[in-house]
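Q: One structure follows; several queries about it will come next.
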Amino acid sequence: MRQSRKLDHIHQTLQLADGPGTTGFADITLIHNSLPNIAWEDITLATSLADLTLTHPVIINAITGGAVDVTAVNCKLAQFAKLTGSAMAVGSQYSALENSTVWESYQIVRRENPDGIIIANLGAHASSEQARIAVDMIGADAIQIHLNAAQEIIMAEGDRDFRGYLDNIARIVSEVHVPVFVKEVGCGIAREAAADLADTGIRAIDVGGMGGTNFLAIEAARSQAQLPDELLSWGIPTTISALEVLSILPPSVQLIVSGGVRTPLDMIKSMAFGGSAVAMAAPILRIISEHGVAHAAEWFDEFLHTGRRYMMLVGAKETKDLLTVPFQITGLSREWLMNRRIDTTQYATRKKHG
């Protein structure tokens, strides 16, 4: 069942559009800097995440694994990651804990990209021993623990018991030898949940907000079920979730922004929020599927090049400089954050230090 599900997820990811919920990126406007005072050759997208050095902020987010027939997909994603210097998270490895014959669909990633940054992946119900196996399986540099209650309750075969997640995550943090990240799968993370997660000792939160790949819609398509629009639009828009999480995040925990990051400007806005990285999967999977790895790598080079253009336009030489770039928040995002008593004017009045 779990193997066939992976094939269905890939098929539906390639077929379905984002949404119907919106990310909120349109509510964010970076303030143009007419005096950037930097040179093009000095602009860099390099960043760091949990002591891992990233040549650019984009992580290929978890998408697949756990079925013999998807080994080729992970192979191509790993080739893309190697060509572009991208960190990559594999899909949930729980199927490999149940069936050792599908280990190859994950291990191909490390073989194709022996020196790359690879991130393991399990659900929050996993034990610390299972987490260690997942990390060792692919020689992972970190492990991502995913939260997907909304997706699970749409699946006929999905989980229905979500008790003990915080305790499980804390045990995993204490017993694995790599950094632990926690990510949502398309519904976002509110500040209350983020505060609880930060107390477990994790190193990063990936908000996985609403507006990108919609796993509720994917599960509905798999089962040919009709879900009400209100349910398909359930969640916290990505930009709102990111700013909620940042409002309580301690310095020891970093932010990853995902959920409908589709353009270079989305990437730069996410870093201006305070993100240490962004993550996306569907656009990369789609372009590889349609045009091949080499073409996808060329597309991605242009993606990063355009990101540097935006850095010039706001006067940011390094990604850390984006933290001083002022931006305006309007629309639903502003209304939501104000109602949640999160000060939005602090971002509009930023000034460069020194």
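Q: Taking the Cα centre of each part, how many Å lie between the range 173-237 and the range 265-293?
A: The range 173-237 and the range 265-293 have Cα centres spaced 17 Å from each other.
Q: Using DSSP, restrict attention to beta bridges with both residues in the chain and report what percent are antiparallel, rounded to the nearest 5. Show your work: numbers first, answer last.
A: On the way: 6 of 33 bridges.
Percent antiparallel among DSSP bridges in the chain is about 20.
Q: Something else: Enumerate the calculated ³J(HN,Hα) couplings along the range 33-47 in order (Karplus 6.51 cos²θ - 1.76 cosθ + 1.60, θ = phi - 60°), each rounded to whole Hz, writing x wherever the residue is Gly or Pro.
A: Karplus-based 3J(HN,Hα) across the range 33-47 equals 10, 6, 10, x, 6, 9, 9, 3, 5, 8, 6, 9, 9, 4, 8 Hz.
Q: Per 5 Å bin, what is the whole-percent P(r) computed from every C-alpha pair distance within the range 64-168?
A: Each 5 Å bin holds this share of Cα pairs: 2, 13, 23, 23, 18, 12, 6, 2, 0.
Q: Counting only pairs 8 or more places apart or on different chains, how many lysine pairs in the range 2-348 have C-alpha atoms closer than 25 Å?
A: 10
Q: Treat every Asp and Glu Cβ in the range 2-348 as -1 and every Lys and Arg Cβ as +1, leave all other atoms uncharged, and give the resulting dipole magnitude about the Cα centre to the nearest 20 debye.
A: Values: 25 positive and 38 negative charges, 51 e Å.
That gives the range 2-348 a dipole magnitude of about 240 debye.
Q: In Å, what Kirkwood hydrodynamic radius results for the range 145-293 from the alpha-carbon pair distances? Please report the intermediate quantities before stating the final value.
A: Working: mean 1/r = 0.0619 Å⁻¹.
Hydrodynamic radius (Kirkwood, Cα only) of the range 145-293 equals 16.2 Å.
Q: Using only the Cα atoms of the range 128-167, what semi-axes does the equivalent ellipsoid have when each is the square root of 5 times a gyration tensor eigenvalue? Give whole Å, largest first. It would help to have the intermediate numbers written out before the result.
A: Details: eigenvalues 117, 29, 17 Å².
Calculated on Cα positions only, the semi-axes equal 24, 12, 9 Å.
Q: Could you work out the Rg to Rh ratio of the range 242-354, with Rh taken as the Kirkwood radius (inverse of the mean 1/r over all Cα pairs)?
A: Details: Rg = 15.8 Å, Rh = 15.5 Å.
For the range 242-354, the value is 1.02.
Q: Sticking with this one: Kindly rank 332-339, 278-285 from highest to lowest mean number of other beta carbons found within 10 Å of each residue.
A: Values: 332-339: 16.5, 278-285: 23.2.
Going by the mean number of other Cβ atoms within 10 Å, highest first, we get 278-285, 332-339.
Q: Ranked by Cβ crowding within 10 angstrom, fewest neighbours first, how are Cys75, Cys187 ordered? Each step should come with its number before you reach the end.
A: Numbers: Cys75 18, Cys187 24.
By the 10 Å Cβ count, ascending: Cys75, Cys187.
Q: Ranked highest first by average number of other Cβ atoms within 10 Å, how do 161-173, 248-260 line up? Can you show the working numbers first?
A: Numbers: 161-173: 16.2, 248-260: 21.5.
Result, highest mean Cβ count within 10 Å first: 248-260, 161-173.
Q: Can I ask one more? How big is the charge dipole of the range 107-264 about its Cα centre, in debye rounded to the nearest 20, if each Lys and Arg gets +1 on its Cβ and each Asp and Glu gets -1 on its Cβ?
A: Numbers: 11 positive and 20 negative charges, 59 e Å.
Here the size comes out at about 280 debye.
Q: For the chain, set up a Gaussian network in which alpha carbons nearer than 10 Å are linked by springs, and say which option among Ala193, Ala87, Ala134 fluctuates the most.
A: Ala193
Q: Starting from the exponent 0.38 and prefactor 2.2 Å, build the expected Rg for the range 86-138 from its residue count and divide its actual Cα Rg by it. Provide the component values of the computation, followed by the final result.
A: Working: Rg = 10.6 Å, N = 53, 2.2 N^0.38 = 9.9 Å.
Computed over Cα atoms of the range 86-138, the ratio equals 1.07.
Q: Taking the highest mean first, how do the peptides 34-40, 211-217 order by number of other beta carbon atoms within 10 angstrom per residue? Intermediate values should be presented prior to the final figure.
A: Numbers: 34-40: 10.3, 211-217: 25.3.
Order by mean packing, descending: 211-217, 34-40.
Q: Counting only C-alpha contacts under 8 Å and six or more residues apart, can you give the relative contact order of the chain as a whole percent? If you can, show how the numbers build up before the last one.
A: On the way: 722 pairs, mean separation 81.4, N = 354.
RCO, the chain: 23 percent.
Q: Looking at Cys75, Gly201, Thr29, which one has the Cα that reaches farthest to the positive end of the dipole of the range 2-348 (charges on Cβ: Lys, Arg +1; Asp, Glu -1)?
A: Going by the Cα projections, it comes out as Thr29.
Q: Kirkwood hydrodynamic radius (Cα pairs, Å) of the chain? List each step's numbers first, then the result.
A: Details: mean 1/r = 0.0492 Å⁻¹.
Taking every pair of different Cα atoms in the chain, averaging 1/r and inverting gives 20.3 Å.
Laboratory data are not the source of any read-out in this text; all were calculated from the coordinates shown. Quick caveat, the model's predicted, so the values are computed rather than measured. Counting neighbours? That spans all protein chains shown, and the Cβs are built from the backbone with ideal geometry, glycine included.
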